Every structure is written in structure tokens, then in C-alpha cells.
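S.K.: Next up is a structure, given as C-alpha cells.
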Amino acid sequence: MWAGEPPGSNYGGKPVVDFQGRPAFAELRILYTVDDAGWSGVWVTHAGGREKHRRGFWGTQEDFTVPAEVLHFLGEIRRERGDTSKGTWDIVCWPKATDHPQNTDLRFIESKWGGKDTIKTDQIEWYRRVRNAGVSRDAFLVIEWNLSRALGA
């Protein structure tokens, strides 16, 4: 858990965790870890019925441009599903060395709080649409996390 001052909104009750001395939600901690491993990416949120691509949450956000190819791919999947982004997996990432990532370069990560969160029907439908677009099943990862494990207990 984050031991510092509350950074602000908890986005509807998400626990704030520590990532290398800075506050983060689990999704951001996963994103920052992937980033450190040589990937670029975004946390996809759906507040207010619209899709947002985040690399942070509180304070001033770093400038970051999602490649047009990634936005196009996500837009196509959204349109196929009746213009909804509901069910989009939490993290969409691609190799940093790739300036113009193709569908096959993308990786998708879903974050689940162990014992409190499960895969939803719309996430399964989203997964199926992405698979039908030619993305390998190896491009998907579900991370189930637990606060006691995250603290090393």
C-alpha cells in the first residue's frame, strides 16, 4: 500500500499502491513495470462513457502520443462492438523500438484484484473480437494481484 499522503481521488475505491516511491493504482504499477521492461503502453479507462488512454492519474501528466496504428486498431474493435469500449483490457502495450506497431506487435493485460474482481462477459467478448482480428492468444495476460503478496508477505 502507498504509505504517503493520499494523492487525491481513489477512482471509485481503488487501493493506492507504491511503485518505486510514487503512488499508483495496480494498473499503473503494471504499466510502469512493462515500461521498465522495454514496452510502451497505456492504461485504458472508461470514465464517463468515453475511452481514455492514461500513463498516470494524479497531477501533471507526461506528454505521450499513442501511435495512430494502436488508436485505429482500438477504434475498429470498438466500432465492431457497437461503438463501446466497455470490456477493453486494462493495459495495451507495444515494443518501444516499434514506431508503427501492427496488430501482431500489441499485447493486452487485464488486472484483477484477487478475491474481489473477476473477468466480465464484455471482457471476454472484447478478447474474442481482438483474436478474430488476427492477434495471437499469446498476446494476452491476466494478472491477479493481492495486496499481501505485493507487500512481500
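S.K.: If I histogram all Cα-Cα distances within the stretch 1-61 using bins 10 Å wide from 0, what percent of pairs lands in each bin?
M.R.: 21, 55, 22, 1
S.K.: Please compute the modelled spin-label separation between E144 and E5, points set 7 Å along Cα→Cβ, answer in nm with one decimal.
M.R.: Modelled inter-label distance: 3.8 nm.
S.K.: Set Lys and Arg Cβ to +1 and Asp and Glu Cβ to -1, take the dipole of the stretch 17-150 about its Cα centre, and tell me which of Q61, I109, T121 lies farthest positive.
M.R.: Among Q61, I109, T121, the one farthest towards the positive end of the dipole of the stretch 17-150 is T121.
S.K.: Let me ask something else. Compute the helix-to-body angle for 26-36: its Cα long axis versus the longest principal axis of the chain, expressed 0 to 90° and rounded to tens.
M.R.: 70
S.K.: Using a simple charge model, +1 on the beta-carbon of Lys and Arg, -1 on the beta-carbon of Asp and Glu, nothing else, what dipole does the stretch 17-150 show about its Cα centre, in debye to the nearest 20?
M.R.: 380
S.K.: Around D105, with a cut-off of 15 angstrom between Cβ atoms, what is the net charge of the other residues, counting Lys and Arg +1 and Asp and Glu -1?
M.R.: Result for the neighbourhood of D105: -1.
S.K.: While we're looking at this one, here's another question. So what's the net charge close to Q20: Lys and Arg +1, Asp and Glu -1, counting the other residues with Cβ under 13 Å from its Cβ?
M.R.: -1
S.K.: Distance cut-off 19 Å, Cα to Cα: go down the list K14/K116; K14/K96; K86/K112 and report the pairs above it.
M.R.: Flagged as over cut-off: K14/K96.
S.K.: Dividing the Cα convex hull volume of the chain by residue count, how many Å³ per residue is that?
M.R.: Hull volume normalised by residue count: 124 Å³.
S.K.: Another question, if that's okay. What's the angle, to the nearest 10 degrees (0 to 90), between helix 121-132's Cα axis and the longest principal axis of the chain?
M.R.: Tilt relative to the chain: about 50 degrees.
S.K.: Could I ask something else about it? Rounded to the nearest 10 degrees, what's the angle between the helix 68-80 long axis and the longest principal axis of the chain, both from Cα atoms, 0 to 90?
M.R.: Taking Cα atoms only, the helix is inclined about 80 degrees.
S.K.: Helix-only mean residue ellipticity at 222 nm, the chain, DSSP H runs n ≥ 4 weighted -39,500 (n - 2.57), per residue, nearest 500. What is it?
M.R.: -7500 deg cm²/dmol
S.K.: What Kirkwood radius, in Å to one decimal, follows from the Cα pairs of the stretch 12-102?
M.R.: Evaluated over the stretch 12-102, this radius sits at 14.1 Å.
Bear in mind these aren't lab numbers, they're just calculated from the coordinates by the rules spelled out. Remember, predicted model here, so these are calculated numbers, not experimental data. Because the Cβ atoms are built from the backbone with ideal geometry, glycine has one as well, and the counts that use them run over all protein chains shown.
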